Amino acid sequence: MSWFPERQQHSWLQRTCGSILKAGPIPKHVGIIMDGNRRFASKNSMDRAEGHLRGFDKLADTLDWCLNLGITEVTVYAFSIENFKRSKDEVSCLMELARQKFERLMQEKDMLQKHGVCIRVLGDIKLLPLDIQQNIAEAVNFTKNNKRAILNVCFAYTARDDMCHAMRELASGVSQGLIRESDISEDLLQKCMYTSSCKQLDLLIRTSGEVRLSDFLLWESAFSCLAFVKVLWPEFSVWHLYAAILHYQRNHQALQNARQSSKLEQDQLTRESDYRSVMEELDKQADEKDKLQERISVQDRVQQYATLRQARINTFLNQLEAERTNMLENMVSKRPVSCAS
Ligand code: FPP
Ligand code: MG
């Protein structure tokens with residue numbers, strides 16, 4: 001299938017190399033920092049708007065290449081909160097591009113449904129102009145149940161802003177009494193982030209020769225393979241993608257080992273936290289302590305505590321999800337929550 005029906009046919013060599021790569025592990029979720037549009041424009045004597053447009057076309061090609069390889073989720077850095085500091089003209093040009101592309105997507109509703117395409121927009125979308133908030137909310141709402149191919153567009157996003165936003169959600173959960181401070185874990189913080197619905201990030205690609213993450217998916221890339229590619233984003237080709245996949249395959253086992261150790265460590269920390277909480281409760285009820293221990297072992301109490309902790313967390317996360325759904329539905333029905341411009 002293709003994300004965009006009019007896209008190019010793939011050559012025999014490209015398909016053959018793709019099939020060979022598919023014999024090895026293929027990342028399920030790839031993140032891309034599409035950097036170098038303006039340098040490409042100046043190198044080719046174009047204006048900046050044309051550079052960004054070429055960047056968008058390259059994204060469409062790349063999504064096709066990814067899907068053909070079996071990469072079902074792609075997250076792209078389309079507009080960072082820092083990008084608001086660019087010239088008024090350039091910000092307007094990027095907003096206009098987003099406006100047009102989201103409108104176009106909504107004209108392709110049948111195609112999106114037919115191919116099971118899910119579009120998510122990750123970031124503080126309240127910072128965007130109202131009409132774009134609405135376009136985004138409509139696309140996200142319309143495609144939210146599709147699972148076959150997922151495109152996460154990071155828009156008005158930085159990773160550190162996402163972490164702060166997740167921490168505010170947790171603080172609010174604690175102050176409302178939905179969760180306890182001791183319930184907070186790496187896993188719970190992750191579930192409060194904009195990226196909570198995303199699969200584990202396997203591979204992160206940055207073009208243009210820069211070798212930093214520029215506040216993109218900092219939390220999610222803790223156990224991801226990083227590939228820095230020298231070409232400017234509009235020059236990125238299927239062969240650069242294949243090289244990045246090969247780099248991932250060479251490092252796949254080491255990544256799996258690191259993830260597994262981290263998971264074991266987190267599970268151990270949770271067990272220790274539950275045990276501490278139970279002992280603290282027992283200490284508070286000192287006179288009842290002996291009586292309780294006679295009837296129920298500490299181990300069983302920790303088990304009961306873990307069940308209650310999970311129930312608290314589920315209630316909190318369900319409320320968070322309901323608030324997010326509500327916000328999107330309000331935006332679709334032309335009642336945006338608030339806006340900076
Ligand atoms: C980085 O190149 C690119 C951007 C800030 C914008 C990326 C956006 C697109 C490719 C369009 C995607 C749009 C949607 C709606 C998905 P740069 O501007 O930093 O160029 P430079 O590094 O050469 O200065
Ligand atoms: Mg740049």
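Things to note:
- Counted residues, the stretch 14-23 - those being open to solvent by less than 70 Å² (accessible area, probe 1.4 Å) and either touching a Leu at 6+ places or on another chain (Cβ under 8 Å) or within 16 Å of ligand 1 (Cβ to nearest atom) (or both): 2
- Candidates K114, K109, K144, K126: the one that is basic (K, R) and touching a residue at least 40 places away in the same chain (Cβ under 8 Å) is K126.
- Restricting the stretch 27-61 to residues that are surrounded by fewer than 18 Cβ atoms within 10 Å (Cβ to Cβ) and without any contact (Cβ under 8 Å) to a residue 24 or more places away in the chain, the residue that is nearest to ligand 1 (Cβ to nearest atom): S42
- Considered as a group, the residues in the stretch 305-319 that are in contact (Cβ under 8 Å) with a residue 40 or more places away in the chain and under 24 Å from the mean Cα position of the chain (by Cα) include one that is nearest to R271 (Cα to Cα), and that residue is I313.
- When residues in the stretch 195-246 are screened for being part of a helix (DSSP H, G or I), out of contact with any Cys (no Cβ under 8 Å at 6 or more places or on another chain), touching a residue at least 12 places away in the same chain (Cβ under 8 Å) and more than 30 Å from E50 (Cβ to Cβ), 6 of them pass.
- Residue-level check: of (1) open to solvent by 60 Å² or more (accessible area, probe 1.4 Å); (2) in contact with a His (Cβ under 8 Å, 6 or more places away or on another chain); (3) not charged (D, E, K, R), V231 misses just (1).
- Whichever residue in the stretch 202-228 is away from ligand 2 (no atom under 12 Å from the Cβ), of a type in the set (A, V, I, L, M, F, W, C) and open to solvent by less than 20 Å² (accessible area, probe 1.4 Å) and, among such residues, is nearest to F79 (Cα to Cα): L217
- Considering the stretch 68-114, the residues that are assigned to a helix (DSSP H, G or I) and among the polar types (S, T, N, Q) include one that is nearest to E138 (Cα to Cα), namely Q107.
- Scanning the stretch 166-194 for residues being within 14 Å of the chain's Cα centre (by Cα), away from ligand 1 (no atom under 16 Å from the Cβ) and either assigned to a helix (DSSP H, G or I) or under 22 Å from V30 (Cβ atoms) (or both) gives a total of 5.
The values are calculated or read from the model by the stated rules, or taken from the named source; none is laboratory data. Note that the structure is predicted; figures quoted are calculated from it, not measured. A quick note on method: Cβ atoms are made from the backbone with ideal geometry, for glycine too, and the neighbour counts reach across all protein chains shown. The accessibility values were calculated without ligands, DNA or RNA, using every heavy atom of the protein model including side chains. Shrake-Rupley method; radii C 1.70, N 1.55, O 1.52, S 1.80 Å.
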